[in-house]
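**Q** Before I ask anything, here is the structure I am working with.
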Amino acid sequence: MYLNIHSQNPEPRKLEQVVKCLEKNGVIIYPTDSVYAIGCDMRNPKAIEKLGNIRKIDARDALFSLVCKDMSQASAFLAPISTVIYRAIKQHTPGPFTFILPASPAITKLFDKKRKTIGIRFPDNPIVLAMLDRLGSPLLTTSLHSETDEIQEYYVDPEDIKNDFQYKVDMIIDGGVGGNIPSTLVDCSVDEIIILRQGLGVWTD
């Protein structure tokens, strides 16, 4: 299914369609505040397996991230963090950052391995935030890379996404032209903040 959703005022009826798709083990492609992403409801093992097959990787070994509405939604998947780290994250969210944080046992169970950290995203995108609010669960996700265009690493045109993925995923959300700069990757797994990759987000102290 190809679904056009208003980028600033997402239609509730269409959001319900997205949530129903995710609840039925669907894999979707959706816009964020940086680049387009592909993901599924992290509660659905069948969807996680399907996501891995689409990306041609073992989902349980992949470095997928969780896309969350806020820290409350993310808290069940995180080990305790310091007040300094918590305040720094709150200061920069929602926004185009991926935070590497210490993982809780829930993540170890999900990935069936001793994973000590997990990437967490809080995108500043009305479609994503409204979708997560209705779903009540984070998305397991990764950026949508172009496999054929070495110059344009990420998909930016929803029509190109449709042409390449309409028979591979359950739903494509057209939220307008996407960006071509990924999120800024910030390691907060210890009591020190380290910028691992400078992307769209600008870190301020």
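**Q** Select from I161, L101, I38 the residue farthest towards the positive end of the dipole of the chain; place +1 on Cβ of Lys and Arg, -1 on Cβ of Asp and Glu, and compute about the Cα centre.
**A** Of the options given, the answer is L101.
**Q** Work from the charge dipole of the chain (Cβ charges, +1 for Lys and Arg, -1 for Asp and Glu, about the Cα centre) and give the residue of L51, T142, I81 farthest towards its positive end.
**A** Farthest along the dipole direction, towards plus: I81.
**Q** Further, regarding this structure: How large is ³J(HN,Hα) for each residue in the range 130-144, as worked out from phi by the Karplus curve 6.51 cos²θ - 1.76 cosθ + 1.60 (θ = phi - 60°), to whole Hz, x for Gly and Pro?
**A** So the J values, rounded to whole Hz, are 5, 5, 5, 4, 6, 6, x, 8, x, 9, 8, 8, 8, 5, 8.
**Q** Please provide three numbers in whole Å: the alpha-carbon extents of the range 1-129 along the principal axes, with the largest listed first.
**A** Extents along the principal axes: 40, 33, 21 Å.
**Q** Quick one: 3J(HN,Hα) in Hz for the range 43-48, Karplus 6.51/-1.76/1.60 with θ = phi - 60°, rounded, Gly and Pro as x.
**A** 7, 10, x, 5, 5, 4
**Q** For D70, what is the net charge nearby, where nearby means another residue's Cβ is under 11 Å from its Cβ and Lys, Arg count +1, Asp, Glu -1?
**A** +1
**Q** So, one more: Among DSSP beta bridges whose residues both lie in the chain, state the antiparallel percentage, nearest 5.
**A** Values: 24 of 36 bridges.
Here the share of antiparallel DSSP bridges comes out near 65 percent.
**Q** Ordered by residue, what ³J(HN,Hα) values in Hz, to whole numbers, does the range 93-109 give under the Karplus form 6.51 cos²θ - 1.76 cosθ + 1.60, where θ = phi - 60° and Gly and Pro are x?
**A** With coefficients 6.51, -1.76 and 1.60, one gets 10, x, x, x, 10, 10, 9, 8, 10, x, 8, 8, x, 4, 6, 4, 5 Hz.
**Q** Amide H neighbours of N4 under 5 Å, at least 5 residues apart or on other chains, H built in the peptide plane: list them.
**A** The answer is D174.
**Q** For the range 3-75, what is the convex hull volume of its Cα atoms per residue in Å³?
**A** Considering the Cα atoms of the range 3-75, their hull volume per residue is 118 Å³.
**Q** Okay, next question. About the Cα centre, and with charges only on the beta carbon of Lys, Arg (+1) and Asp, Glu (-1), how big is the dipole of the chain? Nearest 20 debye, please.
**A** 900 debye
**Q** Still on this structure: Please check: in the Gaussian network model of the chain (C-alpha springs, under 10 Å), which one of D124, D160, D174 has the largest mean-square fluctuation.
**A** Result: D160 has the largest fluctuation of those listed.
**Q** Which lysines does K168 reach when only Cα atoms under 29 Å apart count, and residues fewer than 8 places away in its own chain are ignored?
**A** K14, K20, K24, K46, K50, K56, K69, K109, K113
**Q** If amide H atoms are built 1.01 Å from N in the plane of the peptide, which residues on other chains or at least 5 residues away come under 5 Å of the amide H of T184?
**A** Here the answer is F97, T98, G199, L200, G201, since their amide H atoms fall under 5 Å of that of T184.
**Q** Excluding P31 itself, what net charge comes from residues whose Cβ is under 14 Å from its Cβ, given Lys and Arg +1 and Asp and Glu -1?
**A** Every neighbour counted, the sum reads -3.
**Q** Sticking with this structure for a sec: Where Rh denotes the Kirkwood radius from the mean inverse Cα pair distance, what is Rg over Rh for the range 57-181?
**A** Rounded to two decimals, Rg/Rh equals 0.98.
**Q** For L78, enumerate residues with amide H under 5 Å from its amide H, sequence gap 5+ or separate chain, H modeled in the peptide plane.
**A** When sequence neighbours closer than 5 places are left aside, the close amide H contacts are S104.
All of the numbers you see were taken from the coordinates with simple rules; none came from a lab. The structure displayed is predicted, hence computed values, not measured ones. Cβ: placed from backbone, ideal geometry, glycine included. Neighbour counts: every protein chain shown.
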